[in-house]
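Written below as structure tokens is the structure these notes are about.
Just so you know, all these numbers are worked out from the coordinates, no wet-lab data involved. Everything numeric here is computed off the predicted structure, so don't read it as measured data. Quick reminder, even Gly has a Cβ in these numbers, built from the backbone with ideal geometry, and neighbours come from all protein chains shown.
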Amino acid sequence: MNALSPATRSACGSFIVDHRGRILGFDQSMEHLTGWPATDVVGRDKDVVGGGRGVPLYEGALAPWGASGRVDLAVYCRDGRQLEVEAVAEALRGGSPQTLVTVLRIIALSTNGSARATDRCDALTGLPTAAAFRVALDADVQAAAESVRPLALVLADVDHLRHVNDALGHSAGDRTLCKLAGIFRASVPDERRVFRLGDDDFAFLMPGAGRGEARRAAAALRSTVERHEFFTVGAQRVTLSLGAASFPGDADSPADLVQRAREALDEARSMGRNRVWCFVRRPRVPVQVPVYFDGDDSPLVGYTRDLSPSGVFVQTAAPIEIGMRCALAFALPGQDGRVHVIGRVVRRVQQEVAAEAHVRIPGMGFEFERFGGAGDRRAIDVFLHQNESRTLRPEGARFSISP
């Protein structure tokens with residue numbers, strides 16, 4: 001199965017169709033999106049594109065001729081896959097009725113029908129199975145360990161799928177799972193890293209993503225599923241609970257990463273479902289030590305406010321953009337030398353440190369993506385374990401930092 005790249009999916013595109021269903025225009029983005037060359041589409045009836053092979057370009061009703069509005073269409077790709085898209089149809093002024101259709105976003109993406117039911121491919125949804133997930137997880141963790149790029153894992157559970165089965169029948173539940181698989185393929189960065197682990201359990205691997213990126217992707221996915229109308233009758237609503245964790249910030253091994261994501265998913269379910277929760281490693285220790293850019297004679301970044309096994313919050317005079325990855329070094333009270341980490345800025349805040357003077361110092365949360373070595377990870381864990389209930393402030397440490 002060939003994957004649509006994120007760039008291709010975001011390209012979307014536009015085409016023009018007349019009142020008889022003949023395609024009059026087809027832009028380059030639609031060529032990339034569907035795989036159809038314009039020469040196989042333009043001038044043909046929408047139901048017989050592809051060089052006369054009788055393949056439809058799309059199915060679904062547009063707005064009445066002369067009117068404009070949003071529509072949901074099923075667009076067929078050259079490789080046999082189907083895209084469910086949200087589009088806007090706009091009537092064009094001119095002699096004969098013509099409509100410009102602009103694809104706004106892809107809602108769901110089906111397989112091309114070539115997948116076989118094996119231990120690596122699920123018969124119902126066409127997604128890779130738990131066996132394939134274990135192989136991919138081991139490979140992705142190893143690749144992340146050998147690079148400076150993190151790896152995020154998101155686990156998803158369909159909330160109360162049995163209610164759909166009880167109310168509408170198991171066939172409706174199966175259709176729901178197939179539709180969800182299509183939404184997942186269209187929503188995640190790499191559709192080849194979507195897996196069905198069990199009846200209503202799914203997993204997404206996101207190489208290069210930290211916990212913050214995984215949280216945003218999971219939140220967008222949750223919102224898409226909540227808004228989607230899976231059934232034309234009844235009041236059944238489909239929602240997801242999702243849990244996210246990252247390597248190496250939250251875990252040391254593939255098994256640890258699954259466990260951490262599972263703990264986060266359990267937390268999301270215990271809080272009422274239909275939500276995203278990220279694993280939070282405890283303890284968090286309030287500690288104020290100077291943090292430097294890693295290297296000889298490197299400048300001061302700022303002073304920590306608190307430290308956890310998966311990240312550090314630093315108050316600094318000069319803000320750093322979210323997403324920036326920085327090599328940092330800082331000493332831990334009571335330990336020799338400095339620990340070395342690569343952290344990614346995941347949030348920025350302005351904290352008032354002198355209310356009467358209205359002095360505000362920017363602060364940044366760094367999510368650890370790589371440790372200088374196993375000893376650095378252990379040093380942080382030991383320090384946190386020994387000082388969980390203490391506040392540590394080094395002699396002379398202040399928050400009035402000069403740029």
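Which of the three applies to segment 11-109, rounded, prolate or oblate, going by the alpha-carbon gyration tensor with a ≥ b ≥ c and a/c under 1.5 meaning rounded?
Numbers: a/c = 1.71, a/b = 1.22, b/c = 1.41.
It comes out oblate by the Cα gyration axes.
Relative contact order for segment 130-278: what is it in percent, counting Cα pairs under 8 Å that are at least 6 residues apart?
Details: 251 pairs, mean separation 45.5, N = 149.
Normalised by residue count, the contact order of segment 130-278 is 31 percent.
Simple spin-label model, 7 Å along Cα-to-Cβ: D296 to V382 in nm?
2.8
Going by amide H atoms built from the backbone, whose H comes under 5 Å of the H on C121, apart from near neighbours?
Here T129 satisfy the definition.
Which ³J(HN,Hα) values, rounded to whole Hz and listed in residue order, are derived for segment 255-261 from phi using the Karplus coefficients 6.51, -1.76 and 1.60 in 6.51 cos²θ - 1.76 cosθ + 1.60 with θ = phi - 60°, glycine and proline given as x?
So the Karplus estimates, Gly and Pro as x, are 5, 4, 5, 4, 4, 5, 5 Hz.
Under 5 Å between amide H atoms, partner at least 5 residues away or on a different chain: which partners does V289 have, H built in plane at 1.01 Å?
T304
Could I have the simple spin-label model distance between R192 and R273, label points 7 Å from Cα toward Cβ, reported in nm to one decimal?
In this crude spin-label approximation the distance works out to 3.4 nm.
Enumerate the amide H contacts of N274 below 5 Å, restricted to partners 5 or more residues apart or on another chain; note that Pro and chain-start residues carry no placed amide H.
L240, S241
Pairs of alpha-carbon atoms within less than 8 angstrom and 6+ residues apart define the contacts here; what relative contact order does segment 214-344 have, in percent? Working shown, then result.
Working: 224 pairs, mean separation 21.9, N = 131.
Relative contact order for segment 214-344 comes out at 17 percent.
If you plug each phi of segment 305-314 into the Karplus form 6.51 cos²θ - 1.76 cosθ + 1.60 with θ = phi - 60°, what whole-Hz ³J(HN,Hα) values come out, in order, with x for Gly and Pro?
Along segment 305-314, the couplings run 9, 8, 9, 9, x, 10, x, 9, 9, 10 Hz.
Using the Cα atoms of segment 130-278 to build a convex hull, what is its mean projected area in square nanometres? Please list the in-between numbers first.
On the way: hull surface 32.9 nm².
So the Cα hull casts an average projection of 8.2 nm².
Take D45 and Q335, extend 7 Å from each Cα along the Cα→Cβ direction, and tell me the distance between the two endpoints in nm.
Placing both labels 7 Å along Cα→Cβ, they lie 7.3 nm apart.
Work out the FRET efficiency for Q142 and D18 from their Cβ-Cβ distance, taking R0 = 60 Å, and round it to the nearest 0.05. Could you put the intermediate results ahead of the total?
On the way: r = 55 Å, r/R0 = 0.91.
Working from the Cβ atoms, E equals 0.65.
Determine the relative contact order of segment 11-109: mean sequence separation of Cα pairs under 8 Å and six or more apart, normalised by residue count, in whole percent. All intermediate terms of the calculation are to be shown ahead of the outcome.
Details: 234 pairs, mean separation 25.9, N = 99.
Once normalised by length, the contact order is 26 percent.
Taking only the alpha carbons of segment 285-386, what extent do you get along each of the three principal axes, in Å, biggest first?
42, 28, 25
Ranked from highest to lowest mean number of other Cβ atoms within 10 Å per residue, what is the order of the peptides 174-183, 377-386, 77-86, 236-245?
Details: 174-183: 20.2, 377-386: 16.3, 77-86: 18.3, 236-245: 23.5.
Answer by packing, highest mean first, reads 236-245, 174-183, 77-86, 377-386.
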